[in-house]
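The values are calculated or read from the model by the stated rules, or taken from the named source; none is laboratory data. From a predicted model like this one, the values you see are computed outputs, not experimental measurements. Because the Cβ atoms are built from the backbone with ideal geometry, glycine has one as well, and the counts that use them run over all protein chains shown.
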Amino acid sequence: MIAARNPRAIYFDPRGDEPASESLQAELRALNGKAAVVVRGGYSPYIGVGATVQIPQWLKNSQIRTVASAWRSNLWLYAQSSPYAFRADGRVLPALSADMAGVSGSPDSQFVPDFRINLRKVHIVTPGDLLGPSARKPDFSGKTVIVSRVRNAPDQLFGYFGKRGRYDPVYVDIAAATDIQRSISPTISGFPLLLLFLGLIVAVRRIASGRWRFLAYLGVSVFLVAAPAVAQTFGAFTRTRDAFVAAFVYTAMRLWAKWRRKVRETSQSGLPNFVALVQEKALVEHDIVVGVIARYEEFLASIPGELHGECARQIARRFAVGCGARTIYHGEAGFFAWSEAARPTDQQLEHLEGMRALFAAPLLVGGHMFDTNVHFGLDRNYKLDGQSRVNTALASASEALRDGRPVELFQADRLANAAWELSLLARIDEGMRNGDIWLAYQPQWDYRENRISGAEALIRWNDPVRGPIRPDEFILQAERAGRIDALTYWVLEQAIGAAEEFNAIGRRFQTSINLSAQLVDKPGLVSSMAEIVRRRGIDCRLLTVEVTETASLHDRPAAIRNLRELQAMGFRLSIDDFGTGEASLLYLAELPSDELKIDRQFVSRIVHHERERHIVRSTVKLAHALGQTVVAEGIEDLPTFDLLRKLGCDAGQGYYIGRPETFAQLRSRYTAKGGGLRGTA
């Protein structure tokens, strides 16, 4: 019997809830207070102080004394600490190590193993040495005996600092009991480790080289893990929670800062982007300037991707030389921005125009040459927030690029119209439906027949809130948004109705509509107009299509093809504003046409200026030589009207003949006098 061998204490460590045999239970009861059964908790990481254990059912009503064991481990399942006692089923069970050492404590205090113990010297006795018939009967007098089942599952074994391999937790209990008996393993608070960690971080941040700084951070991380382990190997337990929390917070902050830097910088150039500009505190009382490089993306498409960043940096350096700004911000599509001290408006505009000289020399990037042309947008609305100011400067730069102007200043009064302009297209659709948008007709005088022989349909808009809106304001917006086609087809529908009524009165009446040059080259133009005239059943010869110069032609071959098809359908074609801009000899040579309209800039000066008179006379002769008819615009007085007749002009249009008026007004006058009227100025 075990009692006959007189052990100092004996502990039975079963596997799980497996009850001891009846004979062993009897042996344990016979030892009275010297014997105890070990109840073990789980062995997952972070069990921590105050961990609870469950008492097996077979022990709850037993008279055998019960102790417990459960160890807090790190992520690598290395044993670290254990409480002196455990709460279980309303009872407080002493820890196995503390009970072996004869020390009591509360569940809120903890102890650590002594990792200097040589576990290989722990004497192992087999179960047969205790219970079975054996020749070898060890003497347990004055000794502590633990009867334990061997555990082989990896998650049930612990790592042991300073020792190789994995060990049954009973070895950790023995090492801890030795440490408790000696009372030589100090517990160091986490404050010194926290201070040391913070000091190392401050030192690492002073390292200039990014590579060495990364290696230093790696070293600090290794130290934070290894230092407590080394100290514990020598019997000193260090509380690491504070230092690890600080490391986690610092790492999160560094990752957040790195992410913010990545968001605030472009991916290739490394220059801060417009998000960083918005966050600048120095924007108050500073101008925001946005420069845009024409055809920037086209140039990037022609060079290798690895040169894109260098291209942006070269452009930024030129801007920095010209404006003296320390930081140039890089946006998308060739936009660059900076802030600079405010100057008087005229000086600032002159300064920006002078900066264009910096881009007179071509840009050379990796052997690729790029002719640069820059346009500027300027914002001086100091009372607005940073985001709004950057947006207004961007809008101004885009407008300067689109219109070919060096600098565009965003005036504060434009903000009041921003909401209106942004919803303009929807308002146009609504205006066409409810009658706010309508057609006025300006009569044209036929010199040969001495009568009004036609009229030009001119679009008008009377908004119920803003009143009359100039056509160039909304037509340009419709062109920019690609919605001019809907407006044009609506005009065609209305003009067809007018042409039908005028021609029903009697003599032939020609109705003209304007066709934006932006629409001329569209693939669906001919089919859309053909569908309208087919549905309305109109003779196309009664309609004249005037090609305007509101936007230049982009695809000339397509435009020429469309116009020829319209001409083949019967439409008369007219070149509007002849003599100005691109509506010149080039149009006359390339575009099929039946009529030229001489611009009012020439017509209004022919009475008193001989040069303009010769230009008009030559234009009339040239048009007639090409089989064209000529319409003079801008006739505002009788001398001009009579002189054009002498110069051989075919038709005239202007305030002297008649102002634009509603269809009903023109029909009434035309019906009353049979078209043989001449208006007065």
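A few notes on this one:
- Test set (1) of a type outside the set (S, T, N, Q); (2) in contact with a Phe, Trp or Tyr (Cβ under 9 Å, 6 or more places away or on another chain); (3) not in a strand (DSSP E or B) - Gly652 fails condition number: (3)
Okay, residues lined up against (1) of a type outside the set (Asp, Glu); (2) touching a helix residue (DSSP H, G or I) at 6+ places or on another chain (Cβ under 6 Å); (3) in a helix (DSSP H, G or I):
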{"residue": "Ile606", "(1), (2), (3)": "yes, yes, no"}
{"residue": "Arg611", "(1), (2), (3)": "yes, no, yes"}
{"residue": "Ile615", "(1), (2), (3)": "yes, yes, yes"}
{"residue": "Lys621", "(1), (2), (3)": "yes, no, yes"}
{"residue": "Ile635", "(1), (2), (3)": "yes, yes, no"}
{"residue": "Pro639", "(1), (2), (3)": "yes, no, yes"}
{"residue": "Leu643", "(1), (2), (3)": "yes, no, yes"}
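- Among all residues of the stretch 600-612, there is at least one that is crowded, with 19+ Cβ neighbours inside 10 Å, farther than 21 Å from Arg448 by Cβ and assigned by TED's automatic domain parsing to the domain that holds Gly454.
- Flag for Asp89 being on the phi > 0 side of the Ramachandran plot, among the charged types (D, E, K, R) and modelled with pLDDT of 75 or more: yes
- Taken residue by residue, the stretch 188-201 has at least one member that is at pLDDT below 70 and in a loop (DSSP other than H, G, I, E, B).
- In the stretch 328-360, the residues that are more than 23 Å from Gly305 (Cα to Cα) and loosely packed, with under 15 Cβ neighbours inside 10 Å: Ala341, Ala342, Arg343, Pro344, Thr345, Asp346, Gln347, Glu350, Glu353, Gly354, Ala357, Ala360
- Residue ID - nearest to Ser398 (Cα to Cα), chosen from residues in the stretch 308-342 that are of a type in the set (Asp, Glu) and in contact (Cβ under 8 Å) with a residue 12 or more places away in the chain: Glu340
- In the set His375, His368, only one residue is touching a residue at least 60 places away in the same chain (Cβ under 8 Å), crowded, with 20+ Cβ neighbours inside 10 Å and not aromatic (Phe, Trp, Tyr); that residue is His375.
- Top-ranked residue in the stretch 488-547 [being within 44 Å of the chain's Cα centre (by Cα) and of a type in the set (Phe, Trp, Tyr); ranked as farthest from Trp461 (Cα to Cα)]: Tyr489
Yes or no, residue by residue, for (1) assigned by TED's automatic domain parsing to the domain that holds Ile635; (2) within 23 Å of Gly634 (Cβ to Cβ); (3) surrounded by 18 or more Cβ atoms within 10 Å (Cβ to Cβ); (4) free of Cβ contacts under 8 Å to residues at least 40 places away in the same chain:
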residue	(1), (2), (3), (4)
Ile475	yes, yes, yes, no
Glu479	yes, no, yes, no
Glu493	yes, no, no, no
Ile496	yes, no, yes, no
Ala499	yes, no, yes, no
Ile513	yes, yes, yes, no
Pro523	yes, no, no, yes
Met529	yes, no, yes, no
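- Counted residues, the stretch 449-496 - those being in a strand (DSSP E or B), at pLDDT 90 or above and of a type in the set (Val, Ile, Thr): 2
- Counted residues, the stretch 292-307 - those being in contact (Cβ under 8 Å) with a residue 24 or more places away in the chain, surrounded by 15 or more Cβ atoms within 10 Å (Cβ to Cβ) and in a helix (DSSP H, G or I): 3
- Those residues of the stretch 587-620 which are under 13 Å from Val631 (Cα atoms), touching a Phe, Trp or Tyr at 6+ places or on another chain (Cβ under 8 Å) and of a type in the set (D, E, K, R), in sequence order: Lys597, Asp599
- Among the candidates Ala226, Ala252, residue that is at pLDDT below 75, outside the structural domain of Asn373 (by TED's automatic domain parsing) and over 30 Å from Arg380 (Cα atoms): Ala226
- Enumeration of residues in the stretch 505-540 that are over 15 Å from Phe571 (Cβ atoms) and β-branched (Val, Ile, Thr): Ile505
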